[in-house]
Amino acid sequence: MEVHYKLKLFLFFTLGSCWGSFIYCSYWREKNQISLTIKRSFCDNCHKSLKIVSLILIISFLIQKGRCCYCKNSISWVSTCCELIMGCCFSCLTHSDYNLGICLFVICWTSWLTIEDLQNLAVSQNLLFGGSLIILAFLKLNHQFQINFLASAGILFVLLSCFVILRWLGSADLILLIITYFLFGFWKLLLLLLLVSTSGIIVCLILKTSRLPLIPFITLGIFILFLI
């Protein structure tokens, strides 16, 4: 059993690291206006295509001591951090009391929304509503979606819309919070709002700014809710 457990953790850590590498690559390429389909992974400095050994998650960074095997320039550590963080997130979710499949889907979905929000302060409507419908369909199929939730969700939608009008929330933030309500219920939604507002205020004070994308904080809050 212990071997099986360690193998499971390793598998999910690897899957999470792959996802972390992919979303950072997508973020970097979109920022530099490079298509994901045009060219395989390459060095940011010399632009040479990387060898297979250089594509091994995390390990290649350590073996190469954080430097390109061609030009010897430093490799950004941000990608490796993303791989580590997402790997740890996936591993931690194996301990969640919630359905593992929906946990992984929600974290992948919200982390992709996070990348878009960080990049553009906006997200794809197709991605936002498509992911929302998949989650609602999953809850319905697993008999976790109750009709009486619709009335309370409608009231919640109207209340939170006031914050959208005041520009304290974005419309995508509103949809994500409503989906959180369907996933966790009212009281955990309140806890999420507390986590989001507290962490947001702290980061605003540190960065000395009054405007931040909110979806990264919502994603972090959802991850914490899956574990408690």
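The HN-Hα couplings worked out from phi for the stretch 216-224 by the Karplus form 6.51 cos²θ - 1.76 cosθ + 1.60 (θ = phi - 60°) are x, 6, 5, 4, 4, x, 4, 4, 5 Hz, whole numbers, x standing for Gly and Pro. Using only Cα atoms, tell me the angle between helix 171-184 and the longest principal axis of the chain; keep it within 0 to 90° and round to the nearest 10. Roughly 80 degrees, rounded to the nearest 10. If you take the square roots of the eigenvalues of the alpha-carbon gyration tensor of the stretch 1-73 and sort them as a ≥ b ≥ c, do you get rounded (a/c under 1.5), prolate (a/b over b/c) or oblate? Oblate is the answer for the stretch 1-73, as a/c is 1.5 or above yet b/c matches or exceeds a/b. Placing a label point 7 Å from the Cα of LYS208 along the Cα-to-Cβ direction, no residue of the stretch 87-124 has its backbone N under 16 Å from that point. Length available on full extension from THR94 to LEU227: 0.36 nm per residue minus the Cα-Cα distance, which gives 46.9 nm. What shape does the stretch 99-215 take by its C-alpha gyration tensor, where a ≥ b ≥ c are the square roots of the eigenvalues and a/c under 1.5 counts as rounded, a/b above b/c as prolate, and the rest as oblate? Prolate is the answer for the stretch 99-215, as a/c is 1.5 or above and a/b outweighs b/c. On the beta carbon distance between LEU133 and ASP44, with R0 = 25 Å, the FRET formula returns roughly 0.10.
Once the 1.4 Å probe is applied to the protein heavy atoms, the stretch 169-208 comes out at 50 Å² accessible per residue.
Contact order, relative form, for the stretch 47-151: 13 percent (alpha carbon pairs under 8 Å, 6 or more residues apart, mean separation divided by residue count). Here the spin labels are modelled as points 7 Å beyond Cα on the Cα-Cβ line, and at THR37 and ILE59 they lie 3.2 nm apart. At an R0 of 35 angstrom, the distance between the Cβ atoms of LYS6 and SER76 translates into a FRET efficiency of 0.70. Give the cross-link partners of LYS51 among the lysines, using a straight C-alpha distance below 30 Å as the criterion and excluding same-chain residues fewer than 8 apart. Correct list for LYS51: LYS6, LYS8, LYS31, LYS39, LYS65, LYS72.
The phi-based Karplus calculation (6.51 cos²θ - 1.76 cosθ + 1.60; θ = phi - 60°) puts the 3J(HN,Hα) values of the stretch 30-36 at 5, 4, 9, 6, 10, 5, 5 Hz, whole numbers, x for Gly and Pro.
Probe radius 1.4 Å, ligands and nucleic acids ignored: give me the carbon and sulfur share of the accessible area of the chain as a rounded percent. Heavy-atom surface of the chain belonging to carbon and sulfur, 1.4 Å probe: 69 percent. Labels on offer are (i) 17.1, 55; (ii) 19.5, 61; (iii) 17.9, 58, and the one holding Rg and Dmax of the Cα atoms in Å computed from this structure is (ii).
Helix-only arithmetic for the chain: the sum of -39500 (n - 2.57) across DSSP H runs with n ≥ 4, divided by the residue total, places the mean residue ellipticity at 222 nm at -23000 deg cm²/dmol. Would you work out if the stretch 38-95 is rounded, prolate or oblate? Take a ≥ b ≥ c from the square roots of the eigenvalues of the alpha-carbon gyration tensor; rounded if a/c is under 1.5, else prolate when a/b is larger than b/c, oblate otherwise. Verdict is prolate for the stretch 38-95.
Using the Cβ-Cβ distance between TRP187 and VAL158 with R0 = 25 Å, the FRET efficiency computed as 1/(1 + (r/R0)^6) comes to roughly 0.80. Phi-derived couplings, Karplus 6.51 cos²θ - 1.76 cosθ + 1.60 at θ = phi - 60°, listed residue by residue for the stretch 100-110: 4, x, 5, 4, 5, 5, 5, 5, 5, 5, 6 Hz, with x used for Gly and Pro. Against the chain, whose longest principal axis comes from its Cα atoms, helix 77-93 is set at around 50 degrees.
Rolling a 1.4 Å probe over the heavy atoms of the protein chains gives the stretch 1-122 an accessible area of 60 Å² per residue.
The values are calculated or read from the model by the stated rules, or taken from the named source; none is laboratory data. Computed from a predicted structure; not experimentally measured. All Cβ positions, even for glycine, are placed from backbone atoms using ideal geometry, and neighbour counts span all protein chains on display. Accessible surface is based on the protein model in full, side chains and every heavy atom, while ligands, DNA and RNA are left aside. Shrake-Rupley method; radii C 1.70, N 1.55, O 1.52, S 1.80 Å.
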